[in-house]
Amino acid sequence: MFVLTKNSTIGNNFLAELRDAQIQQDSMRFRRNMERLGEIFAYEISKTLDFVETEFETPLGTASVQVVENYPVLATILRAGLPLHQGLLNFFDRADSSFIAAYRKTGKDGKFVIQKEYVSGPNLDGKIVIVADPLLATGRSMVLTCKELLDRYKIKQLHVVSLIASTEGVAHVKANLPRARLWLGDIDEEMTTKAYIVPGLGDAGDLAYGIKD
């Protein structure tokens with residue numbers, strides 16, 4: 001498990017701005033910081049991929065360099081995950097993409113279930129798959145999504161990317177997705193009774209795209 005805040009890097013500045021209640025009022029900057037963090041995670045994940053030495057012609061001769069052998073498929077949970085997905089795609093620019101529509105459906109008693117609408121994307125057999133969602137609260141959305149993908153396809157490797165996770169969410173993902181490798185911005189200890197991470201950063205989808213009806 002990789003946790004960004006355990007390292008002293010510029011990425012911590014972007015994460016701090018995401019959490020800052022004043023700065024995050026600028027939705028464009030909020031989206032951009034999510035995108036920047038997606039780029040950082042793409043760079044870190046790239047270190048785990050297979051590389052192959054490739055020769056190519058320059059204007060003055062021949063050079064060789066180690067390049068990524070097989071690009072991953074990037075999957076994201078709509079809508080909050082779109083800027084994070086774009087950051088990953090900026091670096092893995094030859095990657096195919098998959099999109100998952102899943103959300104919390106709250107009943108009259110205040111309890112919620114995870115409602116999944118659809119999954120749209122390429123065949124994932126034999127693929128390295130990166131699933132991104134900005135917040136990992138209970139972990140139920142991530143587990144539901146990834147289990148369906150694992151049941152449907154013979155996925156080679158599974159990576160999970162989230163900017164803020166709860167300790168409960170991390171435990172739930174580890175227990176139910178033992179094959180997954182986690183890439184997290186930071187981990188918070190608490191959640192509210194409505195399963196919002198504390199201190200967290202609020203509702204990532206609303207902050208990025210406006211309050212939903």
- Query: Somewhere in the stretch 155-164, is a residue modelled with pLDDT of 95 or more, open to solvent by 40 Å² or more (accessible area, probe 1.4 Å) and within 18 Å of Ala75 (Cα to Cα)?
  - Reply: yes
- For the stretch 82-111, what are the residues that are at pLDDT below 90 and open to solvent by less than 20 Å² (accessible area, probe 1.4 Å)? Ile100, Ala101, Ala102
- Note on the structure: For the stretch 148-159, pairs from a residue that is within 15 Å of Pro178 (Cβ to Cβ) to a residue that is β-branched (Val, Ile, Thr), with Cβ under 6 Å and 6 or more apart or across chains, are Ile155/Val129; Gln157/Ile128; Leu158/Val129; His159/Ile45; His159/Ile130
- Within the stretch 1-34, which residues are within 28 Å of Lys174 (Cβ to Cβ) and among the aliphatic types (A, V, I, L, M)? Met1, Val3, Leu4, Leu15, Ala16, Leu18, Met34
- Query: Would the stretch 164-174 turn up any residue that is in contact with a strand residue (DSSP E or B) (Cβ under 6 Å, 6 or more places away or on another chain), of a type outside the set (Gly, Ala, Ser) and within 21 Å of Asn33 (Cβ to Cβ)?
  - Reply: yes
- Query: Which of (1) more than 30 Å from Val119 (Cα to Cα); (2) aliphatic (A, V, I, L, M); (3) surrounded by 14 or more Cβ atoms within 10 Å (Cβ to Cβ) is the odd one out, the single condition Leu15 does not satisfy?
  - Reply: (1)
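The values are calculated or read from the model by the stated rules, or taken from the named source; none is laboratory data. The shown structure was predicted, so the numbers you read here are calculated from the model rather than taken from an experiment. Note that we place each Cβ from the backbone using ideal geometry, even for glycine, and neighbour counts take in every protein chain shown. Ligands, DNA and RNA are stripped out before the accessible areas are found, and what is left, the full protein with its side chains, is counted by its heavy atoms. Shrake-Rupley method; radii C 1.70, N 1.55, O 1.52, S 1.80 Å.
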